[in-house]
1. Name the residues whose placed amide hydrogens come within less than 5 Å of the amide hydrogen of LEU206, ignoring near sequence neighbours (fewer than 5 apart) on the same chain.
2. Show me, for segment 324-331, the HN-Hα J-couplings you get by feeding each phi into the Karplus relation (A = 6.51, B = -1.76, C = 1.60, θ = phi - 60°), rounded to Hz, glycine and proline as x.
3. So what are the ³J(HN,Hα) numbers for segment 236-250, from phi and the Karplus equation (6.51, -1.76, 1.60; θ = phi - 60°), rounded to whole Hz, Gly and Pro as x?
4. Calculate, in nm to one decimal, what ARG235 and LEU262 gain on full extension: separation in residues at 0.36 nm each, minus their alpha carbon distance.
5. Taking R0 as 30 Å, what's the FRET efficiency between ILE207 and LEU348 from their Cβ-Cβ distance, rounded to 0.05?
6. Full-extension gain between SER362 and GLU110, please, as 0.36 nm times their residue separation minus the C-alpha to C-alpha distance.
7. Select from SER335, VAL357, SER297 the residue farthest towards the positive end of the dipole of segment 166-390; place +1 on Cβ of Lys and Arg, -1 on Cβ of Asp and Glu, and compute about the Cα centre.
8. Using unit Cβ charges (K, R positive; D, E negative) and no other charged atoms, how large, in debye to the nearest 20, is the dipole of segment 81-161 about its Cα centre?
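Read-outs: derived from the displayed coordinates by stated rules, not from any lab. Keep in mind that what you see is a predicted model, and the values were worked out from it rather than measured. Here the Cβ is made from the backbone with ideal geometry for all residues, glycine too, and neighbour counts use every protein chain on show.
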Amino acid sequence: MESLLLFPSSSCRSSANNLQLFSSRVQTKSPLFPIFKSTPRRTTALMQMSAAASAAKEAKLWGGRFEESVTETVEKFTESISFDKALYKHDIMGSRAHASMLARQGLISESDADGILRGLGEIERQIDNGEFVWRTDREDVHMNIEAALTDLVGEAAKKLHTARSRNDQVCTDLRLWCRDALDFILSRIRHLQVALVKLALKNEGLIVPGYTHLQRAQPVLLQHLLLAYVEQLERDASRLLDCRERINFCPLGACALAGTGLPIDRFMTSDALGFTAPMRNSIDAVSDRDFVLEFLSANSITAIHLSRLGEEWVLWASEEFGFLTPCDSVSTGSSIMPQKKNPDPMELVRGKSARVVGDLVSLLVLCKGLPHAYNRDLQTRSLCLTASRQY
């Protein structure tokens, strides 16, 4: 076991050896490609080209012990910037609080902190205006912003990483993002509840069939039926509010998993970011995503209620029911059957709820086998979250 840990396997040999082996295989096993004959001069040239390409790549934040750069294939496979750039405002928010705390604690100078804060403001402005260039080789939103900050303010930017890991950084970003997403969803739920109540008041006294087993059962007031959805949405809002309370704790200061020996002030950053308090256990802070699961679970129940509302209105708009006629502004037609008016938006409400539920199931399966503490599997959770809020 010790020898396996100390000495790399044949699959981890240097790029020069890999190039030599590849050219030898082509020469001996693939006579159709004589251009790749292995010669000392050609092998040396390939080695030099490989070394030059590696040197041209920007050094990774984590690349201290590595002698070679990762391949472009690995970079493309491991990047998350294509979806976690949605966290940029919350990443910058956390960095501002962290920089201010470092300066207050004397871990960086006030002038360095001022430069960092100015640089973060400029980066946020560039992103807001669509001027910022996201780079895949910088992997994620954190490294893109930190590298851009270094380009803007120089060496002072590198001090921002003092007493902080990407592990506690991304957890902080996620909690801030979830908190804002919950507030947005809650406002949309209230808006829908008000619309349903207004519709009920507009149709006061209107009697419609009540159904069981999709068979007509008893006459009911339309108000009664519409207010049933208002009650369901009220419980949805209550679940989301409960979820928000548990989300609102600050992981900053947990670092990779075991905190830091530097004299940081976790309560200062927690207060600055509007959290209730710092999280009590650093391993728990960086490793668990139960707050994301709870968010997706509450959101999934809401999506189910919206799907049922959509299904009911699709039925009511059909010729067989004929209870409502959608107005033109929320309907689509047919290119071959001009008599049709389709309630597509409500069908899509019904259909998109499946994505929200699917994201919950995906993350449940992803989390079930993860040991403590952080694992890269968790990178994909941002994709589930952003899609859930969007739908």
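1. Close amide H contacts, sequence-distant or interchain: LEU222, GLN223.
2. Calculated HN-Hα couplings, in order: 8, 10, x, 6, 4, 5, 10, 10 Hz.
3. 4, 4, 5, 4, 5, 5, 4, 4, 4, 4, 6, 5, 7, 10, 9
4. Computed gain between ARG235 and LEU262 is 5.3 nm.
5. After rounding, the FRET efficiency stands at 0.50.
6. 86.2 nm
7. SER335
8. That gives a dipole near 180 debye.
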